[in-house]
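Visitor: Please read through the structure below; I'll follow up with questions.
Bear in mind that the values in this text are calculations on the coordinates, not laboratory data. Everything numeric in this text was worked out from a predicted model, so none of it was measured. For neighbour counting, all protein chains shown are included, and Cβ atoms are generated from backbone atoms with ideal geometry for every residue, glycine included.
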Amino acid sequence: MFKSFYDPEVEKRGIVKGFEKGQNNAKEEIARNMISKGFNKEVIIELTGLSDEHIEKLIKERINWFLKNTKVYKGSFSFKSKTIRSKIHI
């Protein structure tokens, strides 16, 4: 006789865990967009519900990405990306 290892409770827990992870990913993406648009950290925390430490981590990621993808030349900077190439004078 075959014994099934299927447990509906385990499946429910997996679905709930996946749903929560998806919600957290959406909040992170919203926070990243808000950081890119220059929103205040307190506003981002209030609207997304993410912790101060989590927002700080996302801000540091954004700064590191920006520094990696830009070069500064005497009062101007050049932004390089696979899809965007522009030069902005300050």
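Visitor: Based on other C-beta atoms within 10 Å, arrange THR70, THR48 from fewest to most.
Guide: In order of increasing Cβ crowding within 10 Å: THR70, THR48.
Visitor: Among ARG32, ARG13, which comes first, second and so on when ranked by fewest other beta-carbon atoms within 10 Å?
Guide: In order of increasing Cβ crowding within 10 Å: ARG13, ARG32.
Visitor: My understanding is that a pair violates if its Cα-Cα distance is over 25 Å; which of LYS27/LYS60; LYS21/LYS71; LYS12/LYS60; LYS17/LYS60; LYS27/LYS71 do that in this structure?
Guide: Check vs 25 Å cut-off fails for LYS21/LYS71; LYS12/LYS60; LYS17/LYS60; LYS27/LYS71.
Visitor: Which of LYS37, LYS27 comes first, and how do the rest follow, when ranked by fewest Cβ neighbours within 10 Å?
Guide: Details: LYS37 8, LYS27 16.
Least to most surrounded, the residues fall as LYS37, LYS27.
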